[in-house]
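Enquirer: Structure incoming, see below.
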Amino acid sequence: MPRHASLAAVASLCLLGAIAACSRAAPRAQTVKIQNFVFVPAELTVARGDTVVWSNTDFVPHSTTARNSAWDSKAIEANGNWRFVARDAGRYDYYCVFHPNMKGTIVVR
Amino acid sequence: MSPSRLTNPKVLGSLIAISAFFSLAGCKKTETPAADTASPAVAPARDTTPPAAAAAPAINDAQIAHIAVTADAVDSAAGELAKKKGSTKAVKSFGQTMVTDHGGVNKQAVALVTKLNVTPEDNDTSKQLKAGGDANLAKLETLSGAAFDKAYIDNEVAYHQAVLDAIDKTLIPNAKNAELKGLLEKVRPAFAAHLEHAKSIQATQSKTGA
């Protein structure tokens, strides 16, 4: 391969790597809406470092409580929010402790 | 029917009566449109059928508001008792949730009737609900331990199912004001969630005998 072609290939790889690094380095917030006694979406996939925001639009308190105890919001009052930074990869099932039939899942990649 | 066979026959009976009465009222209201599609054999009757609008309304918004508030109060009162007398964490927690959630529903209802300047109107259904609720409380007061837990949860399952039926078949279809109808639609998921929760506890009680 000519030398200039090799340099171009290396530069391209560096650029791709930089873009990937940038995308990893920019955590973002994603929202789970609590609406009509349902978590919407029921399953949400986020990246490590992202913040998950549960927004309670109902008129009664709800909670988001991980079954493996990774988090527990306690009561999120009506029209309130609760945030959690997802640091560890994995699949997390959670529920509302006040209404146990309300279930959701957070997948952290 | 023996009270021992049905935890709260009066409350249940009241709610069944609501559904039955207003379902019949609903049937009456649909008689006229039905005549329009009737077979030719009954066609002449169409000309003499009074207009549907002339029929008295089955239930008005002020009465619906009163029924909703009463249904909340009845279940909150039972929840307060369960907080005190429940013998398991599940029953006590359920009682607390009923108090909290029905308090939330009630707050919404009061805010709406205040905004609409409507005074909830007492009616026979509300009276029956209240009487049934009082009878349920009186019965629960005589029980303790697992017997209390079972009677309370059995009643909660029956009560929430009956209230849901009344919401779907009577209250929402008869509500005239859009905001009142919207409120009923908004509180419906609460009753559905409570029903599922109560059924889960009931299933656990059946398994464990507790």
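Enquirer: Within segment A:46-65, does at least one residue satisfy the condition of being under 13 Å from A:Val97 (Cα atoms) and assigned to a strand (DSSP E or B)?
Expert: Yes.
Enquirer: Looking at segment B:153-173, can you tell me whether even one residue there is more than 27 Å from A:Val38 (Cβ to Cβ), aliphatic (A, V, I, L, M), more than 13 Å from chain A (Cβ to nearest Cβ) and assigned to a helix (DSSP H, G or I)? Give the steps one after another, and end with the answer.
Expert: Of segment B:153-173, the ones more than 27 Å from A:Val38 (Cβ to Cβ) are none.
No, segment B:153-173 contains no residue that is more than 27 Å from A:Val38 (Cβ to Cβ), aliphatic (A, V, I, L, M), more than 13 Å from chain A (Cβ to nearest Cβ) and assigned to a helix (DSSP H, G or I).
Enquirer: If you don't mind, another one. Pick from segment B:174-193 the residues that are of a type outside the set (A, V, I, L, M, F, W, C) and out of contact with any Phe, Trp or Tyr (no Cβ under 8 Å at 6 or more places or on another chain): which of them is farthest from the other protein chains (Cβ to nearest Cβ)? Show your work before the answer.
Expert: Going residue by residue through segment B:174-193, those that are of a type outside the set (A, V, I, L, M, F, W, C) are B:174, B:176-177, B:179, B:181-182, B:185-186, B:188-189.
Within this subset, residues satisfying the condition of being out of contact with any Phe, Trp or Tyr (no Cβ under 8 Å at 6 or more places or on another chain) are B:176-177, B:179, B:181-182, B:185, B:188.
Details: B:Lys176: 22, B:Asn177: 18, B:Glu179: 14, B:Lys181: 15, B:Gly182: 12, B:Glu185: 9, B:Arg188: 8 Å.
Looking at residues that are of a type outside the set (A, V, I, L, M, F, W, C) and out of contact with any Phe, Trp or Tyr (no Cβ under 8 Å at 6 or more places or on another chain), I get B:Lys176.
Enquirer: While we're on this one: Run down B:Ser200, B:Ser206 and say which single residue is polar (S, T, N, Q), more than 26 Å from B:Gln108 (Cβ to Cβ) and out of contact with any strand residue (DSSP E or B) (no Cβ under 6 Å at 6 or more places or on another chain).
Expert: Working: B:Ser200 fails: more than 26 Å from B:Gln108 (Cβ to Cβ).
Sole residue among the options that is polar (S, T, N, Q), more than 26 Å from B:Gln108 (Cβ to Cβ) and out of contact with any strand residue (DSSP E or B) (no Cβ under 6 Å at 6 or more places or on another chain): B:Ser206.
Enquirer: B:Ile172 fails exactly one of the following numbered conditions: (1) under 19 Å from the mean Cα position of the chain (by Cα); (2) without any contact (Cβ under 8 Å) to a residue 12 or more places away in the chain; (3) closer than 28 Å to A:Ala78 by Cα. What is the number of that condition?
Expert: Status for B:Ile172: all satisfied but (2).
Enquirer: Residues being away from every other protein chain (no Cβ under 14 Å), in contact (Cβ under 8 Å) with a residue 24 or more places away in the chain and outside any loop (DSSP other than H, G, I, E, B): count how many of those fall in segment B:81-139.
Expert: 18
Enquirer: Residue check: is B:Lys199 surrounded by fewer than 23 Cβ atoms within 10 Å (Cβ to Cβ), among the basic types (Lys, Arg) and part of a helix (DSSP H, G or I)? Outline the logic, then answer.
Expert: Details: surrounded by fewer than 23 Cβ atoms within 10 Å (Cβ to Cβ): yes; among the basic types (Lys, Arg): yes; part of a helix (DSSP H, G or I): yes.
Criteria met by B:Lys199.
Enquirer: Looking only at segment B:199-206, decide whether some residue is away from every other protein chain (no Cβ under 12 Å) and closer than 21 Å to A:Asn36 by Cβ.
Expert: The answer is no; no qualifying residue exists.
Since every read-out is calculated from the coordinates, none of them should be taken as a lab result. Just so you know, these numbers come straight off a predicted model, no measurement behind them. A quick note on method: Cβ atoms are made from the backbone with ideal geometry, for glycine too, and the neighbour counts reach across all protein chains shown.
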